[in-house]
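Contents: one structure, followed by commentary.
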Amino acid sequence: MPTALVENELSPSFLLDIGNFLDEARRKHKIPEKYPDEFSAYNRVEQSYLIAVIHSLALELDLPTPTYVFDRKYILTDPWFAFHAKGPHRIILMATSPATFKRLNMFVADNVIERA
């Protein structure tokens with residue numbers, strides 16, 4: 001269940017859930033055909049982040065991209081930067097962020113969906 005944080009933060013529970021989601025999708029070589037209900041209580045940034053992850057997984061696993069990934073409601077109005085990046089760090093994220101995140105106005109590290 002999501003924790004109460006600022007609307008533009010990724011909560012610890014979301015980070016745990018997204019990690020589990022990544023592991024399961026890769027293990028099963030499958031992504032959900034509809035938006036996963038278990039993520040519906042998370043904030044807007046977290047939901048957009050999940051959409052970018054699903055899109056990235058579809059490309060990585062060579063699976064059809066679900067149509068809900070292209071719903072414009074997941075495009076953030078204001079840019080969102082991982083790590084609370086400022087100044088030159090934002091430029092680095094803007095240059096290296098995967099396209100699946102950039103299209104949603106999200107800027108993250110290029111290895112964002114890699115797991116150890």
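Each value in this text was obtained by applying a stated rule to the coordinates, not by laboratory testing. This one's a predicted model, so the numbers in the text were calculated from it and none came from an experiment. Using ideal geometry, Cβ is built from the backbone for each residue, glycine included, and neighbour counts are taken over all protein chains shown.
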The FRET efficiency for D62 and K86, from their Cβ-Cβ distance with R0 = 25 Å and rounded to 0.05, is 0.10
Which distance in nm do the two modelled labels at H29 and R103 give, with both placed 7 Å along the Cα-to-Cβ direction? 2.4 nm
P(r) weight above 18 Å for the chain, C-alpha pairs, percent: 50 percent
As a check on your grasp of the helix formula, calculate [θ] at 222 nm for the chain: sum -39500 (n - 2.57) over DSSP H runs of n ≥ 4, divide by the residue count, round to the nearest 500. -12500 deg cm²/dmol
Cα axis of helix 44-60 to longest principal axis of the chain: angle in degrees, 0 to 90, nearest 10? 60 degrees
